[in-house]
1. Normalised by the number of residues in the chain, what is the relative contact order in percent for Cα pairs under 8 Å and 6+ residues apart?
2. Please work out how much accessible surface Arg106 shows to a 1.4 Å probe, ignoring ligands, DNA and RNA, in Å² rounded to 10.
3. If R₀ is 25 angstrom, what is the calculated FRET efficiency for the pair Glu154 and Lys30, using the beta carbon separation as r and rounding to 0.05?
4. Give me the one-decimal nm value for the distance between modelled label points at Ala144 and Leu40, 7 Å along each residue's Cα-to-Cβ direction.
5. Order Thr42, Thr150, most accessible first, counting only protein heavy atoms with a 1.4 angstrom probe.
6. Rounded to the nearest whole Å², what accessible area per residue is found for the chain with the 1.4 Å probe?
7. Just subtract the alpha-carbon distance of Lys122 and Lys59 from 0.36 nm times their residue separation and send over the number in nm, one decimal.
8. Cα-Cα pairs above 26 Å in the chain: how many percent?
Amino acid sequence: MKEVTIYTDGACSGNPGRGGYGVILSYMGKRKELSQGFELTTNNRMELLAAITGLEALKEPCSVKLWSDSKYLIDSVNKNWIVSWRKNGWKNSKKEPVKNRELFERLIELMKIHRVEFCWVKGHDGNPENERCDTLAVEAANGANLQIDTGYLENR
């Protein structure tokens, strides 16, 4: 399997508000940057969508080290929250519907294709790749051609 490194970040101006994500994919010295902005969304949705977009960009099954400063994303996988949520009919520990379910379902499907290690990086702490993803996400959120986050609109 090819070994790929992915850095991701999401941003939101207001929560909810204009949002965006930034992604950097690295493989054998090659690098690709992805970003997109949305009219109305949440920071957590952008964090999840950044990871999903990075994994969806891979053309074949890969071994991935995915870095994010989002505890929400990292803990949902590494602490097996998504396993529990799924087992409990997509209800959280408070018996409430899990937010962003459709994004978690997409992430789960991608985790069946790729071997993904989810790693946390402290945000805004000088990591060049994390800082670049943040810049991409903020620029996307503040840019033109914003998309509509239909998942957010359907579930609010």
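1. This gives 35 percent for the chain.
2. About 90 Å², ignoring ligands and nucleic acids.
3. Computed FRET efficiency for Glu154 and Lys30: 0.10.
4. The modelled label-to-label distance comes out at 2.3 nm.
5. Thr150, Thr42
6. Each residue of the chain exposes 54 Å² on average to a 1.4 Å probe.
7. 19.8 nm
8. Result for the distance tail: 23 percent.
The values are calculated or read from the model by the stated rules, or taken from the named source; none is laboratory data. Worth saying up front: this structure is predicted, and the values here are computed from it rather than measured. Reconstructed Cβ throughout: ideal geometry from the backbone, glycine too, with neighbour counts over all protein chains shown. Just so you know, the surface numbers come from the protein's heavy atoms only, side chains and all, with ligands and any DNA or RNA stripped out. Shrake-Rupley method; radii C 1.70, N 1.55, O 1.52, S 1.80 Å.
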